[in-house]
1. Summarise the long-distance tail of P(r) for region 2-72 by giving the % of C-alpha pairs beyond 17 Å.
2. Which helices count as membrane-span-like in the chain under these terms: full DSSP H, at least 18 Å along the axis by C-alpha, Kyte-Doolittle mean of -0.5 or more?
3. By accessible area of protein heavy atoms, probe 1.4 Å, what ranking do ARG84, ARG25, ARG108 get, highest first?
4. Quick check: from the Cα gyration tensor, does region 49-109 come out rounded (a/c under 1.5), prolate or oblate?
5. Using the heavy atoms of the protein chains and a 1.4 angstrom probe, tell me the accessible area per residue for region 53-94 in square angstrom.
6. Which of the chymotrypsin sites (Phe, Trp or Tyr not before Pro) found in region 1-97 are in a DSSP loop and have at most 15 neighbouring Cβ atoms, other than their own, within 10 Å?
7. Where does the chain land at 222 nm, in deg cm²/dmol rounded to the nearest 500, when only DSSP H runs of n ≥ 4 count, each adding -39500 (n - 2.57), divided by all residues?
8. Once you place label points 7 Å from the Cα toward the Cβ at VAL89 and SER119, how far apart are they in nm?
Amino acid sequence: MTADACEQLAAACDRLAARTPSPSRFLRDLGHEVAGVRRGPFWFLDAGSGGSNRVRGRGFRRHVDDGTEGQARHFAGIVSVAARVGPRVTRWLSIHVGRDAPDSADGRLTDLAVDFVRSVRSGELPLSDAGDWVRSRLCAGAPSVRRR
């Protein structure tokens, strides 16, 4: 049985954390692997176009599920942007350019992505715990600890 998109997002965090010691690189690589946002200087073109659904599917908690198969892309894309321009600017862009109302599923997912970036950058969230963070806060019906 294939894992749902939320679990695939969490597993991507686990993989990247195991091979990427830098929080900034981890955040950019997550955006690349899950949302198709390039690593180089033209990242903004991919982010501005919404990236690509490299991980399609469902599995997200109701409060962050907009009914599409693109929530993993949305989360990772927001993470990728926030890693480059900062959480405040990213949230503003999401609301005013992306039209993601703060009280919508996408708005709540954006807020969680911004919190994720802040926590990873500050060291409050060790990279080794990033996958479990996703599982416990975003995934519907998933256990709060990594599956071994």
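The values are calculated or read from the model by the stated rules, or taken from the named source; none is laboratory data. It should be emphasised that the depicted structure is a prediction, and the values quoted were computed from it without experimental measurement. Ideal geometry is used to build each Cβ from the backbone, glycine not excepted, and the neighbour counts take in all protein chains shown. We work out accessible area using only protein heavy atoms, side chains counted, and drop any ligands, DNA or RNA first. Shrake-Rupley method; radii C 1.70, N 1.55, O 1.52, S 1.80 Å.
1. Here the long-distance tail beyond 17 Å is 46 percent of all Cα pairs in region 2-72.
2. 5-19, 71-85, 105-122
3. Result of the area sort, largest leading: ARG25, ARG108, ARG84.
4. Here region 49-109 falls in the oblate category.
5. For region 53-94, the solvent-accessible area averages 49 Å² per residue.
6. Sites meeting the loop and neighbour criteria: PHE42.
7. Here the helix-only value at 222 nm equals -18000 deg cm²/dmol.
8. Result for the modelled spin labels: 2.4 nm.
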